[in-house]
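These notes are about the structure you will find just below.
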Amino acid sequence: MQEKFHCAFGVDANYVKYAGIVMTSIVLKNPGHPVVFHLFAKGINDEDMEKLEEMENLYSNVEICVYEITKELTEMDEALGNIGRGRLNNTVLIRLLVPVMVPDDVKRVLYLDADMLCVNRLDSLWQTDLEGHPLAAVNEDTHKRSAKRLNIRTENYLNAGCMLIDVAKWRAMNLTQAVLVDFKQNKPRYIVLEQDAINHVLQGDFKILDSSTILLMDAFNHKKIHCDDKKNIFWHFIGEGKPWFEYADEQIAKPYWQVVGRSFWYGMEKLVSKSIQICYLAGKNAEKQGDYKAAAKYLGAVSYRLMEDYLRNHKQGKFDEDDDL
């Protein structure tokens, strides 16, 4: 009998659909393998609940457990003095609750952010020997600099968006409480908030996964996309460049939206990013794809925003698009 994969997500009502796309990609890349999805939600609407139930009914190998944790999350956030004073959605704290809230018979759990895509089978990742560490994860691209910033004893600094967690070990080390205490004490100096706290507490005590296993990338910048069909298991879209925005790089957008089309969220529409950087890259990608009208729209919007910023910084007032330049 195959061992079940236990995969967990932490989302608010707006991100349930993106978790649903990740879940669908896992099911499609691991046909027939038993998998339990633990969805820790801060609010969830009826439409998404119906889609999750339909997904569970369609795939006999899939079980979906939904945990409504708005109350627990609010209490945790209040105890911390409200994280980052509005800098970040408090759903990022859910990853700290997962190892203590999953059922006791779950030996290990794979925590996943919702801005990811599964592109290969999970077997090798799931069977990773943790070698006594409480979890496995990939290093951030800037791990040496981040580790130095936090005075970590090693040069390792994990990305907390994908963590294979030994549930018993995590609990034995009382890591949830330790991270929360550390977070409260050091919050003002943390840049990446809860991820900084996790790394500060662990002090490099995690199994380092090969960076090609969980590929960290911006979905818009082709210079930072280095896909490998054989080595990659997950693509993790860090930063502002998400594949659900218009004109992501084609090598990312195409497989992502293929999964969307095979999911119960097939009616999901592409969004328009408000980020100047992403709008610029969207314009360049549209130009490369031959959609010159969209390219002109995006690059024109970037020029307009930059001009507004210039005038504002030089206290010359708001740029009027009707002005004769």
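The table below gives the values:
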item	result
Subset of the range 131-143 [modelled with pLDDT of 95 or more and surrounded by fewer than 21 Cβ atoms within 10 Å (Cβ to Cβ)]	Glu131, Gly132, His133
Pairs, first touching a residue at least 60 places away in the same chain (Cβ under 8 Å) and of a type in the set (S, T, N, Q) in the range 212-224, second surrounded by fewer than 22 Cβ atoms within 10 Å (Cβ to Cβ) and not in a loop (DSSP other than H, G, I, E, B), C-beta under 7 Å, six or more apart	Thr213/Leu125
Residue tally, condition in contact with a His (Cβ under 8 Å, 6 or more places away or on another chain) and assigned to a helix (DSSP H, G or I), over the range 168-210	3
Selected residue (criterion: modelled with the lowest pLDDT) from residues of the range 221-277 that are assigned to a loop (DSSP other than H, G, I, E, B) and among the aliphatic types (A, V, I, L, M)	Ile225
Residue that is nearest to Leu202 (Cα to Cα) [pool: residues in the range 142-163 that are aliphatic (A, V, I, L, M) and part of a loop (DSSP other than H, G, I, E, B)]	Ile152
So Ile233, is it assigned by TED's automatic domain parsing to the domain that holds Gly20, under 19 Å from the mean Cα position of the chain (by Cα), crowded, with 19+ Cβ neighbours inside 10 Å and not acidic (Asp, Glu)	yes
Lone qualifier among Ser303, Ser263, Ser275 - being small (Gly, Ala, Ser) and closer than 16 Å to Glu240 by Cα	Ser275
Members of the range 246-261 found to be touching a helix residue (DSSP H, G or I) at 6+ places or on another chain (Cβ under 7 Å) and of a type in the set (Val, Ile, Thr), listed by number	Val259, Val260
Odd one out for Phe245, checked against (1) free of Cβ contacts under 8 Å to residues at least 24 places away in the same chain; (2) touching a Ser or Thr at 6+ places or on another chain (Cβ under 7 Å)	(1)
Residues (touching a Gly at 6+ places or on another chain (Cβ under 8 Å) and not basic (Lys, Arg)) located in the range 187-213	Leu193
Matching option when the condition is modelled with pLDDT under 80, under 18 Å from Ala13 (Cα atoms) and surrounded by 15 or more Cβ atoms within 10 Å (Cβ to Cβ), among Val66, Val92	Val92
Asp129 being among the charged types (D, E, K, R) and part of a loop (DSSP other than H, G, I, E, B)	yes
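So that you can scan it fast, the table gives a plain yes or no per residue for (1) in contact (Cβ under 8 Å) with a residue 40 or more places away in the chain; (2) outside any helix (DSSP H, G or I); (3) under 25 Å from Pro243 (Cβ atoms):
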residue: Cys7; (1), (2), (3): yes, yes, yes
residue: Val11; (1), (2), (3): yes, yes, yes
residue: Thr24; (1), (2), (3): yes, no, yes
residue: Ala41; (1), (2), (3): no, yes, yes
residue: Glu47; (1), (2), (3): no, no, yes
residue: Glu53; (1), (2), (3): no, no, no
residue: Ser60; (1), (2), (3): no, yes, no
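The values are calculated or read from the model by the stated rules, or taken from the named source; none is laboratory data. In this text, all values refer to a predicted model and were calculated from it rather than measured experimentally. Heads up, the Cβs are rebuilt from the backbone with ideal geometry, glycines too, and the neighbour counts pull from every protein chain shown.
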